[in-house]
1. Compare Thr117, Thr29, Thr12 in a GNM of the chain, Cα atoms joined below 10 Å, and give the one with the largest fluctuation.
2. Which one, Lys138, Lys160, Lys35, has the greatest fluctuation when you compute a Gaussian network model over the chain with C-alpha springs under 10 angstrom?
3. Report the convex hull volume per residue for the range 112-195, counting only C-alpha atoms, in Å³.
4. Picking from Ala122, Ala79, Ala27, which is most flexible by a Gaussian network model of the chain using Cα springs under 10 Å?
5. If packing is taken as the average number of other Cβ atoms within 10 Å across a peptide's residues, how do 99-111, 145-157 rank, most packed first?
6. Determine the share of the chain's accessible area contributed by carbon and sulfur atoms, expressed in whole percent, with a 1.4 angstrom probe.
7. Within the set of other residues whose C-beta is less than 13 Å from the C-beta of Val157, count the net charge using Lys and Arg as +1 and Asp and Glu as -1.
8. Between the alpha-carbon centers of the range 102-173 and the range 17-95, tell me the distance in whole angstrom.
Amino acid sequence: MKEHISREDAFTLLKQYNKDTFHIQHALTVEGTMKWYAKELGYSEDEEFWGIVGLLHDIDFELYPEQHCIKAPELLRAAGVGEDIIHAVCSHGYDLTVDVKPEHQMEKVLYAVDELTGLIGAAALMRPSKSVQDMEVKSVKKKYKSANFAAGCSREVIEKGADMLGWELSDLIQKTIYAMRSCEAQVQEALKQEQ
Ligand SMILES: [Fe+2]
């Protein structure tokens, strides 16, 4: 991987366009999740790069929800972000708002986990612990099947992502729970520091 924007600059850039705590939390969660997957899938040397893609993937969503993944290249280019990150960010809008297909394994993971982390996070909030630490696949699947639960998290996108990766849905859910467990405390800590 070539040189890219530093993690610190990426976080500053994210906050330039995102003020809503929920959006910052989502970005940090997807960052941590992507980093876990980089290590899990044998891309340890690109762990930070995968994380930065996760951090920046929704950069345009708060201010330009109607132009999601369409406005992102402009914002990222203005900040000097590399084309590899821009491609990855845009590819999570594949078939939704843009025609940029996820090619790299990292892009397929982003596509698959973006909505899923939202659903798992919402399911965690329903638990007494409010945490993913004691959450199991079975309880996520139950929520997943209930169409009214976290209705904004597209099951279609999640399943398409699993297909791209060639994984069973249960496997994707299990891995994503592990990924979210790995970064939960860090995300909470980072959010506290922002308040
Ligand atoms: Fe997202």
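1. Fluctuation is largest for Thr12.
2. Lys138
3. So the per-residue Cα hull volume is 100 Å³.
4. Checking each option, the largest mean-square fluctuation is seen for Ala79.
5. Going by the mean number of other Cβ atoms within 10 Å, highest first, we get 99-111, 145-157.
6. On the way: 4690 of 9650 Å².
For the chain, the apolar C and S fraction of the accessible surface comes to 49 percent.
7. -3
8. If you average the Cα positions of each part, the centres end up 18 Å apart.
The values are calculated or read from the model by the stated rules, or taken from the named source; none is laboratory data. All of these numbers come straight from a predicted model, not from anything done at the bench. Positions of Cβ are backbone-derived with ideal geometry, glycine not excepted, and every protein chain shown enters the neighbour counts. In case anyone asks, the SASA skips ligands and DNA or RNA and just uses the protein heavy atoms, side chains included. Shrake-Rupley method; radii C 1.70, N 1.55, O 1.52, S 1.80 Å.
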